[in-house]
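Q: One structure, pasted below without further comment.
We did not get these values from a lab; they are worked out from the coordinates using the rules stated. None of the values given here were measured: they were computed from a predicted structure. Virtual Cβ from ideal backbone geometry, glycine too; neighbours counted across all protein chains shown.
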Amino acid sequence: MFDYSQKVMEHFAHPRNVGEMENPDGVGEVGNPVCGDMMTFYIKVTDGRLSEVLFKTFGCGAAIAVSSMVSEMAKGKTLTEAMSITNKSVAQELGGLPENKMHCSNLGADALHKAILDYQSRNAEQIVAKCHCPYCNGSIVEESSFCQACGRECSINRGG
Amino acid sequence: MDVYFDHISTTRMDARVLEEMLPFLRENFGNPSNQHHIGQVARKGIGQAREQVARLIGCLNSDEIIFTSSGTEANNLALKGVVLANQKKGKHIIVSSIEHFSVLHVAKSMEKMGFEVTYLPVDNYGLINPQVVEGAIRTDTVLVSIQLANPEVGTIQPIEAISEITRAKGVLFHTDAVAAVGNLIVDVERLGVDLLSLSGHQFYGPKGSAALFVRQGTRVTPLIEGGIQERGRRAGTENVPEIVGLGKASEIAMQEVNSWSSHILRLRQRFWEGITKRIAHVSLNGHPDLRLSGNLNIGIEFVEGESMLILLDMEGIVASSGSACTSQALKSSHVLKAMGVEPVKAHGSLLFSLGKENTEEEIDYVLEKLPPIVKRLRAMSPLYKEKEEGDV
């Protein structure tokens, strides 16, 4: 029916993680009603991982299935891992999408990434404060390639 | 329960039509161009069908009927055939902006060939204003083509008023009546048109059977050349069984169309009333009265058409939508756009097209199944969040 894989139909008929979130840590909104699809992703971040992912979607069967799949794939992942979810990997997990519906998978990943970026910009200061030098454990600024406390070259160690 | 509400896509062939066709698929297999007795049986078959089709549309001379393979071919022949045959008069064509693609895409390609096309606007109901047609006619206008009824929103155009104008101005007038013939009474004399397209599978005839009425004296350049079938206007061995089927479907429609359409209209009213009672934020696309009896095109806000169609299909209910997501090209309906329907509402359009076999039980079944589907999708929709609880 409607050229969709079984997996797409299953996610469309029983979408996971639908809903709005109270006090989300990040929100990502993509699409507009003129072109047909709108998605909003809400995330909660605990210990650098996506502890909760919820979405709301206005769109076709593929758009809803993609949202559901993205939310499943993202849950429990670190932010970096979640940022590496791609359109391709979403479509693949869904057992493929009709060619003219591939753009729906773009929207799903985009909405999630936007929610993560939103979280990161809200927490920009916190992130900076959480960076520590691996040698002296002093705080370092994100953009810096050396520790201002001990002067040694270091890559940023987040989440300390 | 299996419920078919997509009669505008196609109809189920009437059993009586199939019965009429079967001998022409078996024993009466002859080629109507042959003089021998096997060929003559086939020739007689299409002769009778031509009479039946002519009678259905009030055409007094069955030589004015050209059989084609589809409504699309009939529309192509009407536009290209007439314009090419009358180039000396001019290069200007007028069509409405809500025509079927078998008119609009032909117009576009005629533009590439150097012809000029005016696309007429419609109002919020999808209606053409005859005065706008009059204003668009130029001295070099060859043809006006405006559909009788729109397949998507069902709007019925003021064809008689337009033909008065085209006749006074000496411009040929074609109407694409594919969505109308067999669903309401159509009379080419009363309509005053020079050309009219119709298609068999729109009124319980076989797919691949269609015709173009061409008023005597109207010059048409054939699109398919070869033998002298269809009086030289459409070459190729006739598809005898289908033509016979189209004839029978025409005969049946002629006798039964009035009872069909009053039955269908009753169902549509029950349907629409039921929907407005059960679902908030819905609107009717098209004209409340000047519309095909079987057409119920509704806009359901905050949800998208394809999602609704899939969930309806899971309940055995078949319909269609003007949403971009349901079209292969991902373009939303050009008809709703021309009518000024907002894109977000167009995406939430659902078209239920009713037919003679539909029943009250089927309407009630959809009225039971649709509201929870809408509710479920609205709960998922980011557009719906500000709306009050308690709305469906």
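Q: Identify, among B:Ile65, B:Pro222, B:Thr118, the residue whose Cα sits farthest towards the positive end of the charge dipole of the range B:15-253, taking +1 on the Cβ of Lys and Arg and -1 on the Cβ of Asp and Glu, with the dipole about the Cα centre.
A: B:Pro222
Q: In addition: Quick one: net charge around B:Thr118, please, counting Lys, Arg +1 and Asp, Glu -1 for every other residue with C-beta under 15 Å from its C-beta.
A: -1
Q: Using only C-alpha positions, report the orientation-averaged shadow area of the convex hull of the range A:6-125, nm², one decimal.
A: Mean orientational projected area (the range A:6-125, Cα hull): 6.8 nm².
Q: Which number comes out as Rg/Rh for the range B:109-150 once both Rg and the Kirkwood Rh are worked out on C-alpha atoms?
A: Reported Rg/Rh, Kirkwood definition of Rh: 0.99.
Q: Let me ask you something else. How would you rank B:Ile185, B:Ile279, B:Ile38, B:Ile65, going from fewest to most other Cβ atoms within 10 Å of each one's own Cβ?
A: In order of increasing Cβ crowding within 10 Å: B:Ile38, B:Ile185, B:Ile279, B:Ile65.
Q: Counting pairwise Cα distances across chain B, what percent come out greater than 41 angstrom?
A: That tail contains 17 percent of the Cα-Cα pairs.
Q: Hey, got the average number of other protein chain Cβ atoms within 10 angstrom for residues in B:343-351?
A: That average works out to 3.
Q: While we're here: Which residues does the label zone of B:Asp140 cover in the range B:87-131, counting backbone N under 19 Å from a point 7 Å along Cα→Cβ?
A: Under 19 Å, as judged by backbone N against the label point of B:Asp140, lie B:87-95, B:107-120 of the range B:87-131.
Q: Quote to one decimal, in nm, the extra length available between B:Asn31 and B:Lys277 on full extension: 0.36 nm per residue of separation minus the C-alpha distance between them.
A: Taking 0.36 nm per residue and subtracting the Cα distance, the gain is 82.8 nm.
Q: Take peptides B:298-305, A:116-123 and line them up by average Cβ neighbours within 10 Å, highest first, as a rough protection proxy.
A: Sorting B:298-305, A:116-123 by mean packing, highest first, produces B:298-305, A:116-123.
Q: Hey, another quick one. Stokes-Einstein at 4 °C, 1.567 mPa s, Kirkwood radius from Cα pairs: D for the protein assembly as shown in µm² s⁻¹?
A: In µm²/s, the coefficient is 49.
Q: From other protein chains only, count the Cβ atoms within 10 Å of every residue's Cβ in A:58-71, then give the mean.
A: Shielding by partners across A:58-71 averages 5.
Q: Between A:Cys150 and B:Glu189, what is the label-point separation in nm under the 7 Å Cα-to-beta-carbon projection?
A: Placing both labels 7 Å along Cα→Cβ, they lie 10.5 nm apart.
Q: Using 1/(1 + (r/R0)^6) with R0 = 30 angstrom and r between the beta carbons of B:Ser109 and B:Val132, what's the FRET efficiency to the nearest 0.05?
A: 0.80
Q: May I ask you to list the trypsin sites (Lys or Arg not before Pro) in the range B:84-167 that are in a DSSP loop and have at most 13 other Cβ atoms within 10 Å of their Cβ?
A: Here the trypsin sites (Lys or Arg not before Pro) that fit, given the DSSP loop and packing criteria, are B:Lys88.
Q: Tell me, what is the FRET efficiency for B:Thr237 and A:Arg122 to the nearest 0.05, using R0 = 51 angstrom and their Cβ-Cβ distance as r?
A: 0.10
Q: State, as an integer percentage, the relative contact order of the range A:1-71 based on alpha-carbon contacts under 8 Å between residues 6 or more apart.
A: The value is 36 percent.
Q: Kirkwood Rh, the range B:101-196, all Cα pairs: how many Å?
A: Over the range B:101-196, the inverse of the mean reciprocal pair distance is 13.9 Å.
Q: What lysines does A:Lys44 reach when the alpha-carbon gap must be under 28 Å and sequence neighbours fewer than 8 apart in one chain are set aside?
A: Straight-line reach from A:Lys44, under 28 Å: A:Lys7, A:Lys56, A:Lys75, A:Lys77, A:Lys88, A:Lys114, A:Lys130, B:Lys375, B:Lys385, B:Lys387.
Q: Where does each of B:173-184, A:93-104 land if you order them by average Cβ count within 10 Å, highest first?
A: B:173-184, A:93-104
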